[in-house]
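Note sheet for the following structure.
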Amino acid sequence: MNDSLAAEIANVAARLVVEEGQEWGAAKRRAVKQLGLPARTALPDNDLVEDAVREYIGLFCADTQPAELRALRQLALVWMERMKDFRPYLAGAVWHGTATRLSDIYVQMFCDDSKSAEICLIDHHVDYEPRSVTGFRGELVDALSVSSLSQELGEHIGVHLMVYDLDDLRGALKPDSRGRLPRGDIAAVRALLAQPDEVL
């Protein structure tokens, strides 16, 4: 794939991610369709899409995105503290700083017993929907999805509590292709919230 085509797909995908809250994989596939390219066209990697998302937010959402990101991180922290017995880590756009009010929150939990997290929600009378979502190795992972009100944003946000085996935690903390931690625990999220709002 040539660089200019990859960048074009990434830019269209970035707009779909920011304006419609689409997941990156779906946004890349839809971008290919919108550009009238063959369905088998190679997709740009996530680093390229992330750069395009940051650029798009910087151009069109710089005045609103930092406060929206902070609100999402605050809501994520609420759920991480509720589920602290299950070693929760924040991942995805809310962790990396590219989220807007349309983004869902992804909390990855590493449990000895996968049913124990579900029992915890039932005990606390939390309405949730069990589903499968794509995990960090591309495999399907059980998730407990809830709709949670963000007071700051004045709307309900999707929170996906993804259930992993405890053994998966070892590989989960390796730095990504850019040398960053791909997810953060409660202390790391608190540290992010203690910083002034970042502007992309």
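Among the numbered criteria (1) of a type outside the set (A, V, I, L, M); (2) free of Cβ contacts under 8 Å to residues at least 24 places away in the same chain; (3) in contact with an Asp or Glu (Cβ under 7 Å, 6 or more places away or on another chain); (4) surrounded by 14 or more Cβ atoms within 10 Å (Cβ to Cβ), which single criterion is violated by SER132?
Condition not satisfied by SER132: (4).
Sort through LEU16, LEU43 and tell me the only one that's free of Cβ contacts under 8 Å to residues at least 24 places away in the same chain and aliphatic (A, V, I, L, M).
Checking each option against the conditions leaves just LEU16.
With the requirement that a residue be among the aliphatic types (A, V, I, L, M) and assigned to a helix (DSSP H, G or I), what does the stretch 19-39 give you?
ALA26, ALA27, ALA31, VAL32
Pick out the one residue from ASP85, ASP47, ASP51 that is of a type in the set (D, E, K, R), touching a Cys at 6+ places or on another chain (Cβ under 8 Å) and assigned to a helix (DSSP H, G or I).
Sole residue among the options that is of a type in the set (D, E, K, R), touching a Cys at 6+ places or on another chain (Cβ under 8 Å) and assigned to a helix (DSSP H, G or I): ASP85.
Please find, among VAL126, VAL107, VAL78, the residue that is more than 22 Å from GLN22 (Cβ to Cβ), touching a Leu at 6+ places or on another chain (Cβ under 9 Å) and of a type in the set (Val, Ile, Thr).
VAL126
How do the strands (runs of 3 or more DSSP E) wholly within the stretch 97-155 filter down when requiring 3 or more residues that are touching a Phe, Trp or Tyr at 6+ places or on another chain (Cβ under 7 Å) and not polar (S, T, N, Q): which remain?
Qualifying strands (runs of 3 or more DSSP E): 105-111, 140-150.
Readers should treat all values here as calculations from the given coordinates under stated rules, not as data from a laboratory. Values in this document were obtained by computation on a predicted structure and should not be read as measured data. Ideal geometry is used to build each Cβ from the backbone, glycine not excepted, and the neighbour counts take in all protein chains shown.
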